[in-house]
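Scroll down for the structure; my scribbles are underneath it.
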Amino acid sequence: MTEPSLPAVRLKFIDDEDIEFWEALLSQPEARQHQPLKARRLLQLRQELGRYTETDLSSLVHREYKWVVIDESTDSPVGVVSFDKLDPEHRIGRIGYTISKQFWGRGYGSSAVAELTRMIFTLSDTERIEAECSVHNPASQRVLEKNGYHLEGTKRGYLEIGGERVDHYSFGILKDD
Ligand SMILES: CC(C)(COP(=O)(O)OP(=O)(O)OC[C@H]1O[C@@H](n2cnc3c(N)ncnc32)[C@H](O)[C@@H]1OP(=O)(O)O)[C@@H](O)C(=O)NCCC(=O)NCCS
């Protein structure tokens with residue numbers, strides 16, 4: 001359940017009909033400013049889609065999932081979120097999220113992470129979800145804090161973004177939190 005003041009969203013497994021939205025999202029410099037994302041052409045994305053055909057979060061072999069965030073009021077896409085089973089044996093996963101720039105500041109990031117976290121804990125055996133965000137990305141930090149993720153530390157020089165190694169905050173949430 002999201003806060004009443006937040007927009008209602010649903011997560012739809014990404015498929016061929018979302019390719020153009022996905023390409024446009026990745027082409028936004030703002031979407032890539034704090035993440036090691038690369039803009040990709042339609043053909044490349046179409047090939048990548050093959051990694052995201054599994055929709056059973058309880059699958060014992062599949063590790064990568066991706067959804068388009070759909071605004072329930074307009075039935076239109078506003079972003080993309082992902083879940084990777086980092087360590088299935090220890091039931092640890094990691095999330096990622098990107099909202100299209102024109103929708104920032106309206107609660108979509110918070111709603112999407114709320115729904116993603118709920119689904120992961122409900123539909124898979126994951127016990128711990130991790131998320132890292134650049135120390136220069138306060139909006140992302142806030143999205144995690146608002147959803148009950150705990151700040152657990154700083155990973156120095158964690159990811160290379162724009163040619164520089166960037167420190168990241170490490171967040172985590174447990175199913176029992
Ligand atoms: C991070 C991101 C998902 C946030 O999405 P969003 O839809 O704008 O998020 P929300 O509208 O739910 O706002 C989240 C919170 O961040 C706060 N916020 C936004 N910009 C901020 C800033 N510069 N400093 C501090 N807080 C900020 C908002 O006020 C809000 O908190 P509040 O509800 O307490 O007021 C979005 O900016 C994005 O997709 N960025 C590019 C991709 C990215 O960085 N993804 C995260 C990788 S770790």
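Read-outs throughout are calculated quantities, based only on the coordinates presented, and are distinct from any laboratory measurement. These numbers come from a predicted model, not from an experiment. Every residue, glycine as well, gets a Cβ built from its backbone with ideal geometry; the counts of neighbours run over all protein chains shown.
Worth a mention:
- First in the range 115-129 and over 10 Å from Ile173 (Cα atoms), second anywhere and of a type in the set (Ser, Thr, Tyr) and surrounded by fewer than 17 Cβ atoms within 10 Å (Cβ to Cβ), Cβ under 6 Å, 6 or more apart: Ser124/Ser58
- The range 109-149: number of residues that are under 25 Å from Ser58 (Cα atoms), more than 15 Å from the chain's Cα centre (by Cα) and within 16 Å of the ligand (Cβ to nearest atom): 1
- For Ala8, the test of being of a type outside the set (Lys, Arg) and touching a residue at least 40 places away in the same chain (Cβ under 8 Å) is passed.
- Taking each residue of the range 131-156 that is hydroxyl-bearing (Ser, Thr, Tyr) and looking for partners that are more than 8 Å from the ligand (Cβ to nearest atom) and assigned to a loop (DSSP other than H, G, I, E, B) with beta-carbon atoms closer than 9 Å, six or more apart or interchain, yields Tyr149/Asp177; Thr154/Val135.
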